[in-house]
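What follows is one structure encoded as C-alpha cells, with my remarks underneath.
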Amino acid sequence: MSKGFTLIEILIVSLLLALVVGIIAYIFGVSVRNSSLARTRLELLEDARTTLSYMSRLIRLAGIQPVDQAVETMDPGEIKFQADVDDDEVTDRFSFAYDAVAYAIVVTRWVRNEMGGFDQVGETEIVMDNVTDLTFRYYTEENVETSDPNLLTSVEVEITLRPPAGISELVREMTGEFKQSTRVYCPNLAWRLAAP
C-alpha cells in the first residue's frame with residue numbers, strides 16, 4: 001500500500017497556500033501604497049518649502065532703496081512690492097499671485113525704466129503648480145493684521161497644494177490637500193517705520 005496525499009489533503013494545502021499568498025499580496029499592496037503616499041507627501045512638503053523659501057527671500061527685501069512705494073498691492077491672493085534685489089540701484093517690482101486657471105503660483109517682474117515707469121522683464125513665470133490656494137496675511141509690528149502698507153512689517157504666506165495628476169487616484173485621495181505656511185519679516189519696512 002503506497003502512502004500519498006489524499007485529494008482532501010491536497011485541497012486543504014492548496015487553500016492554505018492561496019490564503020498565505022493572498023495575505024502576502026495584500027500586505028505588499030498596502031506597503032506599496034503607503035510608500036507612494038509617504039513619497040507624495042514628502043515631495044509636496046519639499047516643493048512647498050522650496051517655493052516658500054524663494055518667495056520669502058524676495059518678500060523680505062521689500063522696501064530696499066530706491067523705491068517709490070515698498071508695497072503696492074496687499075490682497076489676500078496677491079502681493080506686489082518694490083525692492084532693489086540685485087543691488088544695482090535700479091528698482092525692481094515683483095508680484096506673486098495665484099492663477100486659478102493654471103492652479104499655480106506665478107511671479108511677474110518689472111524693472112524701472114528711464115522714463116520712471118516699469119517695464120516687464122520676460123513672461124509671467126510659474127513658481128509652483130498643483131496649488132489650490134495661495135493666501136497672504138499682512139501684519140504690523142504689534143502682530144495685528146493690517147491692510148495699510150505704511151504699517152506693514154511682516155507677511156504670512158500660506159500655500160495649499162494637491163498631489164500631481166501623475167499618481168494613482170487612490171493615493172491622490174488619501175493624500176488630500178496639503179498646507180504649508182511661513183511668516184516673512186520685512187526688516188526694511190520695519191526700519192522705515194522706526195525712522196524719524
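Tabulated values for the structure
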{"read-out": "Every pair of residues 6+ apart whose Cβ atoms lie under 7 Å, when the first sits in the range 47-66 and is touching a residue at least 40 places away in the same chain (Cβ under 8 Å) and more than 11 Å from VAL155 (Cβ to Cβ) while the second is part of a helix (DSSP H, G or I) and of a type in the set (Lys, Arg)", "value": "GLY63/ARG192"}
{"read-out": "Subset of the range 164-180 [surrounded by fewer than 13 Cβ atoms within 10 Å (Cβ to Cβ) and within 15 Å of SER31 (Cα to Cα)]", "value": "LEU170"}
{"read-out": "Pairs, first touching a residue at least 24 places away in the same chain (Cβ under 8 Å) in the range 7-30, second part of a helix (DSSP H, G or I) and surrounded by 10 or more Cβ atoms within 10 Å (Cβ to Cβ), C-beta under 8 Å, six or more apart", "value": "none"}
{"read-out": "Within the range 66-97, tally of residues that are of a type in the set (A, V, I, L, M), out of contact with any Pro (no Cβ under 9 Å at 6 or more places or on another chain) and not in a loop (DSSP other than H, G, I, E, B)", "value": "3"}
{"read-out": "Residues of the range 59-77 that turn out to be at pLDDT below 90 and charged (D, E, K, R), as a count", "value": "1"}
{"read-out": "Strands (runs of 3 or more DSSP E) wholly inside the range 98-190 containing at least 3 residues that are among the β-branched types (Val, Ile, Thr)", "value": "104-112, 131-139, 154-161"}
{"read-out": "In the range 129-165, the residues that are hydrophobic (A, V, I, L, M, F, W, C) and under 13 Å from GLN180 (Cα atoms)", "value": "VAL131, LEU134, PHE136, VAL157, ILE159, LEU161"}
{"read-out": "Filtered residues of the range 141-173 (kept if touching a helix residue (DSSP H, G or I) at 6+ places or on another chain (Cβ under 9 Å), β-branched (Val, Ile, Thr) and over 19 Å from ARG57 (Cα atoms))", "value": "ILE167, VAL171"}
{"read-out": "All positions within the range 70-86 that are in contact (Cβ under 8 Å) with a residue 12 or more places away in the chain and surrounded by fewer than 19 Cβ atoms within 10 Å (Cβ to Cβ)", "value": "GLU72, THR73, MET74, ASP75, PRO76, GLY77, GLU78, LYS80, ASP84, VAL85"}
{"read-out": "Subset of the range 165-180 that is closer than 15 Å to MET128 by Cα and out of contact with any Ser or Thr (no Cβ under 8 Å at 6 or more places or on another chain) - its residue that is modelled with the highest pLDDT", "value": "GLN180"}
{"read-out": "Leading residue by the ranking (surrounded by the most Cβ atoms within 10 Å (Cβ to Cβ)) among those in the range 29-58 that are at pLDDT below 95, over 14 Å from GLY176 (Cα atoms) and of a type in the set (A, V, I, L, M, F, W, C)", "value": "ALA48"}
{"read-out": "Extreme residue, modelled with the lowest pLDDT, among residues of the range 96-132 that are surrounded by fewer than 17 Cβ atoms within 10 Å (Cβ to Cβ) and small (Gly, Ala, Ser)", "value": "GLY116"}
{"read-out": "Pick from the range 50-107, criterion among the polar types (S, T, N, Q) and over 14 Å from the mean Cα position of the chain (by Cα), ranking: farthest from GLU123 (Cα to Cα)", "value": "GLN65"}
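The values are calculated or read from the model by the stated rules, or taken from the named source; none is laboratory data. These numbers come from a predicted model, not from an experiment. FYI the Cβ positions are ideal-geometry reconstructions off the backbone, even for glycines, and counts take in every protein chain you see.
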